Amino acid sequence: MPARSPIPEMPGACSARTAARPSMPRARRPRRPSASWAGCDCRSMRAPTGEAARRARLSSTLSSSRQASVSAGNATESDTDLAASVCRLGPIEYAARGRIPRSGANCPMETPLTRPPRTSQIYTNVLDTIGGTPLIRLPEGFDPEVRCEVLLKLEAMNASGCVKSRIALRLVEAAEASGALQPGGTIVECTSGNTGVGLCMAAAVKGYRAVIIMPDKMSREKVDMLKAFGAEVILTKTGVPPEHPDHYLNVAQRVAASIPGAWHADQFENPENPNAHYLATGPEIIQACDGRLDAFVGGCGTGGTVHGTARALKEHDPSIQIIGVDPPGSVYAHYWKTGELPETGPYAVEGVGDDMIPGTWNRELIDAYEVVEDPESFAMTRRLAAECGLFVGGSSGMALTAALRHARRMGPEQRMVVLLPDSGSRYLSKIYSDDWMKDGGFVPRVSAETATVADLARDRPRATLRGSDDLASAYKHIADRDVDPVPVVAGDPDDPRTELLGVIDAEKLARHLAAGLDLEALQADSCLAPAPPVIDPAAPWTALQEALQDSPAVLIQDERGYVGCTRRDLLRSLARLSHDQDV
Ligand SMILES: Cc1ncc(COP(=O)(O)O)c(C=O)c1O
């Protein structure tokens, strides 16, 4: 088991938080390039120079065990079996699962039948697995205008599924080392969720109590994760100004002051936050790229990830371009460009942006700033999952959107690394929910001039039953999946020409349930209502509105069969219609 290196001196340390939040970043300390090399135990050692220095820095930072874990081994029999069984899924089965086989780099049929398994090893606890995340190449052609190599650093592979586990561990261990956090103590932190998750994971392993304060806009999944680790969660109002007593930072300070033995982690001012990335994330990237890198792109929440990583990258090669990314409504991009704090505004992407300039953010290390709107960020996030198999959070889509803008100006021999901060599992009820995306206005709008019935009904969930299927299946589709009405056909439900027998709607099914009938024992065709009007998907969207004036539901028949649409569905789809000429 590799011993973790002691906490070294902090190069370029940030100053401690003052009572009132500063509106200007503090003056940077002069750089001390030879003071403490990443992970080096000997602080008085003079740094070597040039290429030798670079290699020495890297090899001392990255533990030999992590390096070993990327070396290949031999395929085992079970791997071979697994690969063979995956391979037995031919293109038809892929298609049946809604997956379209493609040619080119991503095509599942072109992957080798057996792969050497990644090596595994035994760790004392989950905290020792943090870091060493992989770089995944963005498939060629993902953006036809991009010619350079784009590598995605997949921080979702960290324990707890987020880049923040890196700083959580470092903050805790630094506090232990300094005596600020004692055995039996309490960790208090205000967070958009992910630092809290990392801290609570560390608290669970090390036996601390954890109290987490977070704004109430954060996803339900994050709150549930914190509770799963045994934390107490206090939700504060989103959008209150920093000077307000209910601002999450002020609440955290009061909570920390009220609990004996509490330690406020304070990721916004704690220099161990950027330090964690200076000592590990940056060197990992340099090593994986064998030192050859032209640009690094990442979003800023506290700024710790980008600035700590940037410091390591710039020390390695000052010509590496660092691109920060911000949502509109946050202060960073504007402050970076003008030196002035703008009005803040709402944005839905989580984990990035801020309404003030924390001590962990450093204007000088950034070469360019990009602003990305929520709809673009979320559309890119969904593309990453659907086209690359990368199930990541909204700020990953934000970072990649900004990255591609830059990458289009880079040459074919150049290389960019984009940091994808967290896993999509935290956003199942948000970015990965079609309803949430529609309700929030995050799906692309369609012009009222040209929209068709299909444009409005595009994302409706579908299900078609055979007459002989049981009624319990209809219940599941209507109650759990929001399919209404459910078409019932005589033949193959996947054959669009099959005969339509009628529909099962929520009203009729409710009468069966109210009468105490056993839905499992009844067939779908015992609960049929006459089919409502069937309309053509190519008709103008107004045809849908007209049909729904006379009938509470309609069916749209397209090349995949029938899909139901109710007045409520129409209402929600209409919110996506744009009456501007320029959509
Ligand atoms: C979900 C999430 N967590 C963490 C980070 C990094 O935040 P910080 O700037 O605080 O290091 C980001 C930045 O993109 C993020 O999106």
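At-a-glance table
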item: Residues of the range 305-343 classified as within 16 Å of the ligand (Cβ to nearest atom) and open to solvent by 40 Å² or more (accessible area, probe 1.4 Å), total; result: 2
item: Condition check for D558: acidic (D, E) and open to solvent by less than 70 Å² (accessible area, probe 1.4 Å); result: yes
item: Members of the range 529-555 that are among the small types (G, A, S), out of contact with any helix residue (DSSP H, G or I) (no Cβ under 8 Å at 6 or more places or on another chain) and surrounded by fewer than 17 Cβ atoms within 10 Å (Cβ to Cβ); result: S551
item: Whichever residue in the range 131-154 is within 14 Å of the ligand (Cβ to nearest atom) and either of a type in the set (A, V, I, L, M, F, W, C) or not assigned by TED's automatic domain parsing to the domain that holds L293 (or both) and, among such residues, is surrounded by the fewest Cβ atoms within 10 Å (Cβ to Cβ); result: L154
item: Subset of the range 242-254 (residues that are open to solvent by 60 Å² or more (accessible area, probe 1.4 Å) and not acidic (D, E)); result: H244, P245, Q253, R254
item: Qualifying helices (runs of 4 or more DSSP H) (wholly inside the range 153-267; at least 2 residues being within 20 Å of E350 (Cβ to Cβ) and without any contact (Cβ under 8 Å) to a residue 12 or more places away in the chain); result: 220-228
item: Among (1) surrounded by fewer than 23 Cβ atoms within 10 Å (Cβ to Cβ); (2) in contact (Cβ under 8 Å) with a residue 40 or more places away in the chain; (3) hydrophobic (A, V, I, L, M, F, W, C) - the single one A280 does not satisfy; result: (1)
item: Subset of the range 521-548 (residues that are farther than 17 Å from D484 by Cα and among the charged types (D, E, K, R)); result: D536, E546
item: Evaluation of P358 against (1) farther than 20 Å from G131 by Cβ; (2) outside any loop (DSSP other than H, G, I, E, B); (3) open to solvent by less than 10 Å² (accessible area, probe 1.4 Å) (one fails), failing number; result: (2)
item: Residue in the range 159-171 that is more than 16 Å from the ligand (Cβ to nearest atom), open to solvent by less than 30 Å² (accessible area, probe 1.4 Å) and closer than 18 Å to A203 by Cβ present; result: no
item: Filtered residues of the range 240-274 (kept if among the acidic types (D, E) and within 16 Å of the ligand (Cβ to nearest atom)); result: D266, E269, E272
item: Helices (runs of 4 or more DSSP H) (entirely within the range 370-443) containing at least 2 residues that are within 15 Å of the ligand (Cβ to nearest atom); result: 374-388, 394-407
item: Among the candidates E507, E449, residue that is surrounded by fewer than 16 Cβ atoms within 10 Å (Cβ to Cβ) and under 18 Å from G564 (Cα atoms); result: E507
item: Neighbours by Cβ (under 8 Å, 6+ apart or cross-chain): first from the range 304-321, among the aromatic types (F, W, Y) and in a helix (DSSP H, G or I); second within 16 Å of the ligand (Cβ to nearest atom) and at pLDDT below 95; result: none
item: The range 346-355: number of residues that are more than 21 Å from L420 (Cβ to Cβ) and open to solvent by less than 30 Å² (accessible area, probe 1.4 Å); result: 0
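The values are calculated or read from the model by the stated rules, or taken from the named source; none is laboratory data. As the structure is a computational prediction, the values presented were derived from the model and not from experiment. Note that we place each Cβ from the backbone using ideal geometry, even for glycine, and neighbour counts take in every protein chain shown. These area figures cover heavy atoms from the full protein model, side chains too; ligands, DNA and RNA do not enter into them. Shrake-Rupley method; radii C 1.70, N 1.55, O 1.52, S 1.80 Å.
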